[in-house]
1. Within the range 5-23, how many residues turn out to be over 16 Å from I88 (Cβ atoms) and in contact with a helix residue (DSSP H, G or I) (Cβ under 9 Å, 6 or more places away or on another chain)?
2. Quick check: is even one residue across the range 38-60 surrounded by 15 or more Cβ atoms within 10 Å (Cβ to Cβ), β-branched (V, I, T) and under 18 Å from G121 (Cα atoms)?
3. If you scan the range 101-141, which residues turn out to be more than 14 Å from E84 (Cα to Cα) and in contact with a Lys or Arg (Cβ under 8 Å, 6 or more places away or on another chain)?
4. Suppose we keep only residues that are modelled with pLDDT of 90 or more and not in a helix (DSSP H, G or I) within the range 128-155. Which one would you say is nearest to G42 (Cα to Cα)?
5. If we scan the range 67-86, do we find a residue that is under 15 Å from K131 (Cα atoms) and charged (D, E, K, R)?
6. Take the residues in the range 2-32 that are over 26 Å from P97 (Cα atoms) and hydrophobic (A, V, I, L, M, F, W, C), then tell me which one is surrounded by the fewest Cβ atoms within 10 Å (Cβ to Cβ).
7. When the residues of the range 61-102 are narrowed to those that are charged (D, E, K, R) and under 15 Å from the mean Cα position of the chain (by Cα), which ends up surrounded by the most Cβ atoms within 10 Å (Cβ to Cβ)?
8. Against the definition (in contact with a His (Cβ under 9 Å, 6 or more places away or on another chain) and not aromatic (F, W, Y)), how does V85 come out, yes or no?
Amino acid sequence: MSYSDAFLKEVLARTKVVAVVGLSLNPVRPSYYVARYLSLRGYRVIGVNPGHAGAMLFGERVRAAIGELPPEVDMVDIFRRSEEVPPIVEAALAHLPELRTIWMQIGVEHVEAAALAGARGVDVIMNRCPKIEYQRLHGELRMGGFNTGVISSKL
């Protein structure tokens with residue numbers, strides 16, 4: 001799927017509370033360092049993982065299920081296999097009245113679940129990482145030698 005930079009930037013700018021489904025407490029796992037990065041950028045990040053339920057991470061208690069999340073969650077970031085996406089999307093649509101975005105991580109896609117969310121007015125991004133997109137769109141990847149396409153006077 002192709003998403004415009006303007007669309008991705010708008011989604012990242014409007015998002016305030018992110019639920020990371022499949023969050024690991026292991027700091028070398030991608031779900032951990034993506035969640036940590038987002039929390040350092042000012043997002044409220046709440047993990048969802050039944051194996052870590054009750055643990056505290058980034059100032060929030062990890063939840064066992066989407067049904068335990070507070071209603072103000074406006075983005076769900078999915079770190080699960082593609083075949084596990086439909087029940088996650090269904091639970092998010094049923095439980096989160098402020099939901100505006102379903103974000104599926106790199107390698108995660110489910111067209112039918114995306115269509116279900118889209119039909120309810122929820123934006124869907126598949127096979128992308130919000131950390132990478134944030135860094136790219138804000139010129140942070142330049143320092144690593146990546147051509148981000150963003151012109152900035154920041155060093």
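1. Going through the range 5-23, the residues over 16 Å from I88 (Cβ atoms) turn out to be 5-17.
Right, trim to in contact with a helix residue (DSSP H, G or I) (Cβ under 9 Å, 6 or more places away or on another chain) and you get 5, 8-9, 11-12, 15.
The qualifying residues number 6.
2. Narrowing the range 38-60 to residues surrounded by 15 or more Cβ atoms within 10 Å (Cβ to Cβ): 38-39, 41, 43-49, 52, 57-58, 60.
Right, trim to β-branched (V, I, T) and you get 45-46, 48.
Among the residues that remain, those that are also under 18 Å from G121 (Cα atoms) are: none.
So far as the range 38-60 goes, no, none of its residues is surrounded by 15 or more Cβ atoms within 10 Å (Cβ to Cβ), β-branched (V, I, T) and under 18 Å from G121 (Cα atoms).
3. If the condition is that a residue be more than 14 Å from E84 (Cα to Cα) and in contact with a Lys or Arg (Cβ under 8 Å, 6 or more places away or on another chain), then I106, V122, D123, Y134, L137, G139 are the ones that fit.
4. Of the residues in the range 128-155, the ones modelled with pLDDT of 90 or more are 128-138.
Checking the rest, the ones that are also not in a helix (DSSP H, G or I) come to 128-129, 138.
Details: R128: 20, C129: 17, H138: 14 Å.
Ranking the candidates gives H138 first.
5. Step one: of the range 67-86, the residues under 15 Å from K131 (Cα atoms) are 75-79.
From what's left, charged (D, E, K, R): 77.
Yes, because at least one residue in the range 67-86 is under 15 Å from K131 (Cα atoms) and charged (D, E, K, R).
6. Once the filter is applied, the top-ranked residue is V28.
7. The residue in question is D77.
8. On the way: in contact with a His (Cβ under 9 Å, 6 or more places away or on another chain): yes; not aromatic (F, W, Y): yes.
It is true that V85 is in contact with a His (Cβ under 9 Å, 6 or more places away or on another chain) and not aromatic (F, W, Y).
The values are calculated or read from the model by the stated rules, or taken from the named source; none is laboratory data. Nothing here was measured: the structure is a model prediction, and the numbers come from that model. Cβ: placed from backbone, ideal geometry, glycine included. Neighbour counts: every protein chain shown.
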